[in-house]
1. For segment 80-94, give me each residue that is over 23 Å from THR205 (Cβ atoms) and either touching a helix residue (DSSP H, G or I) at 6+ places or on another chain (Cβ under 9 Å) or surrounded by fewer than 16 Cβ atoms within 10 Å (Cβ to Cβ) (or both).
2. Kindly list the number of the only condition in (1) at pLDDT 85 or above; (2) over 30 Å from SER712 (Cβ atoms); (3) over 42 Å from the mean Cα position of the chain (by Cα) that fails for GLU585.
3. Since VAL116 meets every condition but one in (1) modelled with pLDDT of 90 or more; (2) surrounded by 15 or more Cβ atoms within 10 Å (Cβ to Cβ), which condition does it not meet?
4. Answer yes or no as to whether GLU306 is loosely packed, with under 14 Cβ neighbours inside 10 Å and either at pLDDT 80 or above or among the hydroxyl-bearing types (Ser, Thr, Tyr) (or both).
5. Among the residues of segment 647-674, which ones are part of a strand (DSSP E or B) and surrounded by 15 or more Cβ atoms within 10 Å (Cβ to Cβ)?
6. Residues of segment 445-467 being under 15 Å from ASP408 (Cβ atoms) and among the acidic types (Asp, Glu), which ones?
7. Mind checking whether some residue in segment 33-45 is assigned to a strand (DSSP E or B), open to solvent by 40 Å² or more (accessible area, probe 1.4 Å) and more than 17 Å from GLY102 (Cα to Cα)?
8. Just for segment 588-602: of the residues that are within 44 Å of the chain's Cα centre (by Cα) and open to solvent by less than 80 Å² (accessible area, probe 1.4 Å), which one is farthest from ALA748 (Cα to Cα)?
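The values are calculated or read from the model by the stated rules, or taken from the named source; none is laboratory data. These figures come from a predicted structure and were not determined experimentally. We place every Cβ from the backbone using ideal geometry, glycine too, and count neighbours over all the protein chains shown. Only protein heavy atoms, including side chains, enter the accessible area calculation; ligands, DNA and RNA are left aside. Shrake-Rupley method; radii C 1.70, N 1.55, O 1.52, S 1.80 Å.
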Amino acid sequence: MELPVVNEIVEEISDTEPRPDIPAELNLLPLRDAVVFPMLIAPLAVGRDHSIQLVDDSVLGNRRIIGVIAQRDPAVEKPTFADVHTVGCAVIIRTMVKMADGVRLIVQGLSRFKIVEPLQEEPYLRARVEILNEPEMPKGEEQIEIEALRRGIGSLFDRAISYSQNLPDELRTLTHQVPEPHVMTDLVAAHMPFSVEVKQKILETVPINARMRELMAALGREVRVLELSSKVQNEVTSELSKSQRDYYLREQLRAIQRELGETDDTGLELDELEQSIVKAQMSEEAEKECRRELDRLRRMSPGSPEYSVARTYIDWMVALPWSSATIDNLDMARVKRILDKDHYGLEKIKERIIEFLAVRKFKKEGTVRQPILAFTGPPGTGKTSLARSIGHALGRKFVRISLGGMRDEAEIRGHRRTYVGALPGQILQGIRRAGSNNPVFVLDEIDKLGADFRGDPASALLEVLDPEQNNTFRDHYFDVDFDLGRVFFITTANMIEMIPSPLRDRMEVIELSGYTEEEKINIARRHLIPKQLDEHGISRKIMKFQPQAIRALITGYTREAGVRNLERQIAAICRKATRRLAEGEEGPITITPQTVHDMLGAPDFLREEVLERKLEPGVAIGLAWTPVGGEILFIEASATPGTKGLILTGQLGAVMQESVQAALTYLKAEGHKHEIKQSFFEGKDIHVHVPAGAIPKDGPSAGIAMLTAIASLACAKSIPPRLAMTGEITLKGQVLPVGGVKDKVLAAYRGGVRTLIIPKRNQKDIEEEVPEEVRKAVTVHYVTSADEVLELAIGPCQSARQRKVQPKPAILRQVESAHRDVARTR
C-alpha cells in the first residue's frame, strides 16, 4: 500500500534513553479496536480532534508517557470514562508524525495500570492511575506449572502459525527466544488475531499463571477454528470442477510468464474483460453467458475469426446499463415549471406527466408501471420536443430513434450472432447510448413503419411496448433477458389510423391538435422569436416584433396546424434584418406589419378564404382533416343533359365517392320532403367536383356537404355565407359523428367561417377540445338528420313555378330591349 505524504515530522525520541518513571496522573488515549501490551512496540493512528490535542499537549508539555485504553464500544465518537475499560497500558511515545489526515504514533508499552480516580473528561480524558507491576516469579510446583503452560502455549502457537496465512513463520521462535513468561505471554496475545474482549481480558489478568491459562484457552479455540477452516477449504478445493482447475493452472502459467518477462498482452486484456463483467452487475443469466464466452476466448487463438465475434459480444454485454439508473425528480411543482417553460399550452399532456409523478411519489415500494404514451397530431405541433422536455423535467436521460421507413424486424430485435456483421437492435443500442436503464425513449414516426420480406417491425414492437412482456425483452444478438420495464416509452405519429390495431391498443393515445391564432402568437413570442434571434446573433434590444406583425405572419404567410412554417418565416425576417445590420443600418429594428410585407412580399393567403369564392347554387363548404391539420373543402355540383347519372371528379377516394352516391340516393328517395321533384334528376348527369383535383381526397366526413351541394343545385338556392359543415350521412338520412373535429373547426375559423353544422354526437369534442375563444367566435348547430342539415343550409326549396315567374335581372332586360330595337330598325 502506498503511504500518504508526510506533512511534518515533529519529533523522534531515541530508544536508548533509560526507561522513564510512570507518573501517577496520565492523559488517556481511547483506542477503538486495539489493545496495547507492555513491552510491545506498536503503531497507532490518531484521527479524532480531541485525541490529536491530547498527543500535542503531551509531547509539547514533555509528558511523553500517556495511557492507552480500549473503548467498550468502538462506535462512540467522544468516549467518557463510562465508555472505556478500567485497565490499560502506559506507553511512551517514541515517534510522532503529522499526516494530512491525522497523526501517526509509534509507542512502546511500559506497564499495566488501573484507573483510580477520573480527573477530567474535557478536552480529553485524564485520570489518576495505579501501576500494576508484574508479580515475582513463583517457585516450586507453581514454577513447574508455568513451564508446562509455556510449552503448551508454544505448541499451540506453532500450530496456529502453520494454519494461518496471516502469521509469518518468523514468529515460530518467539516462544523460545523470550525467556520471561509474562513477556512471552503478552507478545503472543498481541500477535494473535483475538477479539478486543479476549485481549482486554488477558491484559486485565495480572497473576502470571492465570494469564497464561487465559491465553492457552484462547489459543486452543483459535487453533480449532483454523483447523476446521483449513479442512473445509481442502474439501472445497478437492471438489473444484475441471474448468476451475484449468483457470488456476492458466493463472499460474501467466504468473510464470510474467516472472520470465514473457508477458501475454492477450491475457491482460482478458483479465480486464473479466473485471468489466464483475463491474457491470448484470443479471445472473447474462453473467453466466458472458463468462461462458470469456472461457471460449481463453481457449481460442486471437487469430481465429470467432475471437473478434466473441470479444465484441462481451463488449456489448458489459456496456449495457444493467444496474445503472437515474433518480426521478419528484418535485411536481418544479416539473410543472419546466414543462410550462418549454411548451405553451398542451395542458392534457402536462397533467398526465404530473399524475405519473404523483404515483411515483406515493408508491415508494414495488415496481411502478411506466406509461407508454402515443403523441399524435399534425407536423410542427411539438411532439418530439415535448418528449425531450419530459425527459429534462423528470431528470432522466433522453434517447430517440426514428422509425420512418424501417422495414427490417431485426432493427428492433437485432440480428443473431451467426450473421456476419450482426448487431443488437435499435432498442438496446439506444439504451446503451443513454447509459441508463430508465431513460425517456422516443420512438419517432411510428405510423411510418413498413413491412416486407425481412419482417414486420410493428409486430416486433408489440413486445417492446407491452408492460406485461417487456421486463423480459430478449434481443436476438444478446439472447438473454433485459428489463425494459423501467423505460418511459413515448411514440409519435401524424395519423393514428396507420398504426396496427394491436400495437395501438398497447399505447395511451394523446392527441396534439393544431394551435389557435392566439396560441401561435404566444408560442412565437415565448419560444420561436427568442430562439431565432439567438441563432442569428441578434440582441433582443436591437430587434423587436410588434404583436400585429406576428399576427400578420400567422394569417397571411402561413396556413398550418403547427408552427414549423411560422418559425421559417421568422427566420427569413431575421436573416434580412441581419443583412441590414451588416450593411451598416443602425438599430433598433422594429418589425411591423408593413416591415413584414416589405421583407416577405405579398401575403400568400387571404384572411377570409371563404369570401374569395362566390357561393352560387350547387356550391357547399365542407371540412376535411389531413395529416398536416384541418382544411376547408369547396364542393361544387352541376347538372347537364345526359344519361351517365353521376360524374365524380377531383380525385375522390372510394369512401368519398360512396358518400356522394348515398347523398344522391337519399335526395332521390326523400327529396319530396324539401320540394325537390324527381323530374330534376331525369335525363341529367349530376357532376360533383372537389377543386384542388391534384390532391387525393377520401373519407366519409364530407357526406352532408355533398348532400347540401346537390340539394342547393336542385333548389337553385345558395347556402348562407360563412357556413361550413362536416358529418357522415347514411342512406336513411342519419348524420354520424366524424373525427378530427378540433382541427376542422380551427381550419374553418382561420378561413373565415362563422357558422358550423356539426353532428350531435361530436358536441363533446367541441366543448372539451376547441379553445374557448374559438367557440365564442363561431355559431355551432348540432344535427342528427339530413333534414336538419338542409333546413339550416338552404331552407325551404323554391318550386319550379316560382322559379319561372321570378323577374329577370335588370341588366338582362336591358340587353333584350336593345336586341328588339335593332331588329325593328332593320
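1. THR80, ILE93, listed by residue number.
2. Here GLU585 clears every test but (1).
3. If we test VAL116 against (1) modelled with pLDDT of 90 or more; (2) surrounded by 15 or more Cβ atoms within 10 Å (Cβ to Cβ), just (2) comes out false.
4. In short, yes.
5. Applying the first criterion (part of a strand (DSSP E or B)) to segment 647-674 yields 647-649, 652.
Matches in segment 647-674: LEU648, LEU652.
6. The answer is ASP452, ASP456.
7. Applying the first criterion (assigned to a strand (DSSP E or B)) to segment 33-45 yields 41-45.
Within this subset, residues satisfying the condition of being open to solvent by 40 Å² or more (accessible area, probe 1.4 Å) are 41, 43, 45.
Checking which are more than 17 Å from GLY102 (Cα to Cα) leaves us with 41.
Among the residues of segment 33-45, at least one is assigned to a strand (DSSP E or B), open to solvent by 40 Å² or more (accessible area, probe 1.4 Å) and more than 17 Å from GLY102 (Cα to Cα), which makes the answer yes.
8. Narrowing segment 588-602 to residues within 44 Å of the chain's Cα centre (by Cα): 588-593, 596, 599-600.
After this cut, where a residue has to be open to solvent by less than 80 Å² (accessible area, probe 1.4 Å) as well, the list is 589-593, 596, 599-600.
On the way: ILE589: 35, THR590: 32, ILE591: 28, THR592: 27, PRO593: 24, VAL596: 25, MET599: 28, LEU600: 25 Å.
Among those residues, the one meeting the criterion is ILE589.
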